[in-house]
1. Within segment 59-75, can you find the residues that are in a loop (DSSP other than H, G, I, E, B) and either within 14 Å of Ser12 (Cα to Cα) or in contact (Cβ under 8 Å) with a residue 40 or more places away in the chain (or both)?
2. Identify the residue in segment 27-36 that is of a type outside the set (Asp, Glu) and surrounded by fewer than 14 Cβ atoms within 10 Å (Cβ to Cβ) and, among all such residues, is nearest to Ile65 (Cα to Cα).
3. Tell me, which helices (runs of 4 or more DSSP H) lie completely within segment 1-47 with 3 or more residues that are without any contact (Cβ under 8 Å) to a residue 24 or more places away in the chain?
4. Go through segment 37-79 and give me each residue that's hydrophobic (A, V, I, L, M, F, W, C) and open to solvent by 40 Å² or more (accessible area, probe 1.4 Å).
5. Are any residues in segment 1-26 in contact with a Leu (Cβ under 8 Å, 6 or more places away or on another chain) and open to solvent by 80 Å² or more (accessible area, probe 1.4 Å), and if so, which ones?
Amino acid sequence: IVRTINDNKMGSADLLVTHDKDYLQKVLETIQHNESGQPIDAAALAKIKSEIKKAKTNDLYSGKIGERSKVLDEIDKLL
């Protein structure tokens, strides 16, 4: 997951609203407790935060959030 974040593969509103809620929960847990030994890129985290905001405010994405809303909120607060 750290590599996925660092490669900016989470930095898209479209991906954030289509990923499984359980996967997003694992992303949250990885950000909270990174045990990989590999640092998480701050710019990639900033991009995720920006894309969460986009997903919540853009009608193209906001209707697709559904059950992901709570975990996206938790990731947003953490970042």
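1. Pass one, segment 59-75, residues in a loop (DSSP other than H, G, I, E, B): 63-65.
Across segment 59-75, the qualifying residues are Lys64, Ile65.
2. For segment 27-36, the residue satisfying everything is Gln32.
3. The qualifying helices (runs of 4 or more DSSP H) are 21-32.
4. Of the residues in segment 37-79, the ones hydrophobic (A, V, I, L, M, F, W, C) are 40, 42-46, 48, 52, 55, 60, 65, 71-72, 75, 78-79.
Correct list: Ala42, Ala43, Ala46, Leu60, Leu78, Leu79.
5. Once the filter is applied, which keeps residues that are in contact with a Leu (Cβ under 8 Å, 6 or more places away or on another chain) and open to solvent by 80 Å² or more (accessible area, probe 1.4 Å), segment 1-26 yields only Lys9.
The values are calculated or read from the model by the stated rules, or taken from the named source; none is laboratory data. Here the structure is a predicted model, which is why all the values come from computation and not from measurement. When we count neighbours, we look across all protein chains shown, and the Cβ atoms used for this are built from the backbone with ideal geometry, even at glycine. Quick note on the areas: whole protein, heavy atoms, side chains included, nothing else; ligands and nucleic acids left out. Shrake-Rupley method; radii C 1.70, N 1.55, O 1.52, S 1.80 Å.
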